[in-house]
Amino acid sequence: QVLEVPSAAMAVFAPCQFKIRVEDSVLDDLKYRLQHARVDKKNIENAGHDPSGSWAYGTDRGVLEQYLNHWRDRFDWRKQEDALNKLPHFMAKLHCPISRRDLDIHFIHATSSAPDAIPLLLVHGWPGSVVEFLKVIPLLNAAGFTVVAPSIPGYGWSEAPTTPGANVWYMADRLHTLMQELGYAQYAAQGGDWGGMITTRIARQYPKQCVALHVNFCLNLPFDWYSALKAVIGLPFMSRAEWAALKSTLYFLKYETAYQRIQGTKPQSLAYGLNDSPLGLLAWHLEKFQSWSDCGSSPPEASGLTIDEILTNVMVYWVTQSFGTSCRLYYESLGHHPTAAGPTALPGGYVPVPTGVLWASRELIKPPRHVAAECFNLKQWSVQEKGGHFFAFEQPEAMAADVTKFFKRTIDFEECKRRAPSKGQGPGLQPLRYLILSSIIGGTALAAVKLWRSRL
């Protein structure tokens, strides 16, 4: 069945309904591998935890064995598959400029019956998938949002480009194109992790179309000398919570980013092993869910997630064999490898559309509010005491409430559509900026005159 979209798009864009159905042979093969999995028995005794609460030596063997046993003996993929299929899934072909051919893109398109429903692009990250949104999408539908939740190209059921260059900018262009082809001339966007970076790029690059933004992973840099200066000057005035957040951010960047180096330099080497071993794939993902969710030093379930939910997310990578292709986004975007032109993960530049930021207590990177205000047209700043990096997965009710508050009450979405800013538009008149600049120019000129006179 073909999804109805405006006739202008139908000539080149015809999304078809898609049902997730994993072949029995794939599940039988998985069961065999789980039954014959070898868990390393030569672990350090009483390995303990890092100061952040994460497992000091990596994935805890006892927790891994618990998940392995559950996956092998009790996990019911067909039940999870049915839950996934309760949402409307589609496949469509989008043109891929770097490979010069069409790629299959998978997405959930859950429409709201509200007459004034806001079209919302909802984008996941790594090691996540659309599974993160199974609980939040119905809540957003009920609140008056029509949700488009794609699998990022190379993740889940979305085809991966086979040529180099598929970085954050590429992903942003493809997902923006998806919204346009679906007939949403103007829309809103929300994202976390890579999804936060991708939607930030979209909002900066296409502000006339993506007219409002909400992120739960706020990552951007001051865009010029004046915004950088204001960010530095504001540091002494940060709250105690912001200082603690900055400390935890620096801790993460120093001690918890080795995976980025591996996935950003030699992703394929890692992919061979994890594509072949479900135990290895589980261990790699499980360590991130324990380190990044709001569970302290406890297993990931302390964050509110269930073993079944985490395993369902792992299954998406297993049944689609997409671990390796998902890691390529690190290689293409972080600029770690020797031939990289530079990082594209940081969007860079001012985002002129109205922006809401959800600042969770256990998020990995938490910029101070005044720094975010230099990078975004910041309209809402929500501090959440519960929840971590997988916020929509861990706290779906809080996520839906914050998104609804921002798009329905903090801003007027219809007004955002009418007054959408232009690409490259800055934060508006900044008298102090010109005063400082004129003082620098005047002081430099005066010093030059004095130097000239002294040499006469």
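Identify, by number, the condition in (1) under 16 Å from the mean Cα position of the chain (by Cα); (2) assigned to a loop (DSSP other than H, G, I, E, B); (3) of a type in the set (A, V, I, L, M) that ALA160 doesn't meet.
Here ALA160 meets the rest and fails (1).
Suppose we filter the range 1-42 for residues that are modelled with pLDDT under 80 and among the polar types (S, T, N, Q); how many remain?
Pass one, the range 1-42, residues modelled with pLDDT under 80: 1-12.
Next cut, among the polar types (S, T, N, Q) only: 1, 7.
Residues that pass the stated criteria total 2.
So, in the range 119-130, of the ones that are in contact with a Leu (Cβ under 9 Å, 6 or more places away or on another chain) and buried (at least 24 other Cβ atoms within 10 Å of the Cβ), which residue ends up nearest to THR404 (Cα to Cα)?
Checked the range 119-130; the qualifying residue nearest to THR404 (Cα to Cα) is LEU120.
Within the range 388-426, how many residues turn out to be open to solvent by 60 Å² or more (accessible area, probe 1.4 Å), modelled with pLDDT under 95 and either of a type outside the set (S, T, N, Q) or in contact with a helix residue (DSSP H, G or I) (Cβ under 6 Å, 6 or more places away or on another chain) (or both)?
Here the count works out to 2.
Output yes when any residue across the range 312-328 is under 21 Å from ALA392 (Cα atoms), in a helix (DSSP H, G or I) and basic (Lys, Arg), and no when none is. Outline the logic, then answer.
Taking the range 312-328 first, the residues under 21 Å from ALA392 (Cα atoms) are 312-317, 326.
Going one step further and asking which of them are in a helix (DSSP H, G or I), we end up with 312-317, 326.
Remaining after also requiring basic (Lys, Arg): none.
Scanning the range 312-328 turns up no residue that is under 21 Å from ALA392 (Cα atoms), in a helix (DSSP H, G or I) and basic (Lys, Arg).
Name the residue that is most open to solvent (accessible area, probe 1.4 Å), counting only residues in the range 201-233 that are over 16 Å from VAL357 (Cβ atoms) and in a loop (DSSP other than H, G, I, E, B).
Selected residue: LYS208.
Only one residue in TRP381, TRP359, TRP318 is closer than 17 Å to GLY195 by Cα, in contact (Cβ under 8 Å) with a residue 12 or more places away in the chain and aromatic (Phe, Trp, Tyr). Which one? Steps first, answer last, please.
Numbers: TRP381 fails: closer than 17 Å to GLY195 by Cα; TRP318 fails: closer than 17 Å to GLY195 by Cα.
It is TRP359.
Taking the options GLN290, GLN260, GLN268, name whichever one is in a helix (DSSP H, G or I), within 21 Å of ARG74 (Cβ to Cβ) and either open to solvent by 20 Å² or more (accessible area, probe 1.4 Å) or in contact (Cβ under 8 Å) with a residue 40 or more places away in the chain (or both). So that I can check it myself, show each step before the final result.
Numbers: GLN260 fails: within 21 Å of ARG74 (Cβ to Cβ); GLN268 fails: within 21 Å of ARG74 (Cβ to Cβ).
Exactly one of GLN290, GLN260, GLN268 is in a helix (DSSP H, G or I), within 21 Å of ARG74 (Cβ to Cβ) and either open to solvent by 20 Å² or more (accessible area, probe 1.4 Å) or in contact (Cβ under 8 Å) with a residue 40 or more places away in the chain (or both), namely GLN290.
Determine which single condition ALA47 fails, assuming it passes every other condition in (1) under 30 Å from SER248 (Cα atoms); (2) hydrophobic (A, V, I, L, M, F, W, C); (3) not in a loop (DSSP other than H, G, I, E, B).
Every condition holds for ALA47 apart from (3).
Test ALA172 against the criterion of being open to solvent by less than 30 Å² (accessible area, probe 1.4 Å), in a helix (DSSP H, G or I) and in contact with a Lys or Arg (Cβ under 9 Å, 6 or more places away or on another chain), and give yes or no.
On the way: open to solvent by less than 30 Å² (accessible area, probe 1.4 Å): yes; in a helix (DSSP H, G or I): yes; in contact with a Lys or Arg (Cβ under 9 Å, 6 or more places away or on another chain): yes.
So ALA172 passes the test.
Could you please find all residues in the range 175-198 being in contact with a Leu (Cβ under 7 Å, 6 or more places away or on another chain), open to solvent by less than 10 Å² (accessible area, probe 1.4 Å) and within 22 Å of THR257 (Cβ to Cβ)?
Correct list: TRP194, GLY196, ILE198.
Residue by residue, here is whether (1) touching a Cys at 6+ places or on another chain (Cβ under 8 Å); (2) more than 23 Å from TRP359 (Cβ to Cβ) holds:
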{"position": "PRO138", "(1), (2)": "no, yes"}
{"position": "GLY144", "(1), (2)": "no, yes"}
{"position": "ILE152", "(1), (2)": "no, yes"}
{"position": "THR163", "(1), (2)": "no, yes"}
{"position": "HIS176", "(1), (2)": "yes, yes"}
{"position": "THR199", "(1), (2)": "yes, no"}
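Report, by residue number, each residue of the range 364-388 that is out of contact with any Phe, Trp or Tyr (no Cβ under 8 Å at 6 or more places or on another chain) and closer than 19 Å to TRP292 by Cβ.
Those that are out of contact with any Phe, Trp or Tyr (no Cβ under 8 Å at 6 or more places or on another chain) and closer than 19 Å to TRP292 by Cβ: PRO367, GLU385, LYS386, GLY387.
Return the only residue of LEU68, LEU27 being open to solvent by less than 70 Å² (accessible area, probe 1.4 Å) and under 12 Å from LEU279 (Cα atoms). Reasoning before the result, please.
Working: LEU27 fails: under 12 Å from LEU279 (Cα atoms).
Sole residue among the options that is open to solvent by less than 70 Å² (accessible area, probe 1.4 Å) and under 12 Å from LEU279 (Cα atoms): LEU68.
Identify the single condition in (1) open to solvent by less than 10 Å² (accessible area, probe 1.4 Å); (2) under 18 Å from the mean Cα position of the chain (by Cα) that PHE145 does not satisfy, given that it satisfies every other one.
PHE145 satisfies all of (1) open to solvent by less than 10 Å² (accessible area, probe 1.4 Å); (2) under 18 Å from the mean Cα position of the chain (by Cα) except (2).
Taking only the range 37-52 into account, find how many residues are surrounded by fewer than 14 Cβ atoms within 10 Å (Cβ to Cβ) and either in contact (Cβ under 8 Å) with a residue 24 or more places away in the chain or of a type in the set (Gly, Ala, Ser) (or both).
Looking only at the range 37-52, we keep the residues that are surrounded by fewer than 14 Cβ atoms within 10 Å (Cβ to Cβ), and these are 38-42, 44-48, 51.
Narrowing the set further to residues that are either in contact (Cβ under 8 Å) with a residue 24 or more places away in the chain or of a type in the set (Gly, Ala, Ser) (or both) leaves 38-39, 47-48, 51.
Of the residues in that region, 5 qualify.
Do you know which residues across the range 120-143 are closer than 20 Å to LEU334 by Cβ and in contact with a His (Cβ under 6 Å, 6 or more places away or on another chain)? Even if it seems obvious, please write down each step before you answer.
Quick first cut of the range 120-143, residues closer than 20 Å to LEU334 by Cβ only: 123-128.
Scanning the range 120-143 gives a single hit, PRO127.
The values are calculated or read from the model by the stated rules, or taken from the named source; none is laboratory data. Only a predicted model underlies this, so the values are computations on that prediction, with no experimental measurement involved. We place every Cβ from the backbone using ideal geometry, glycine too, and count neighbours over all the protein chains shown. Areas reflect the complete protein model, heavy atoms only, side chains present, ligands, DNA and RNA absent. Shrake-Rupley method; radii C 1.70, N 1.55, O 1.52, S 1.80 Å.
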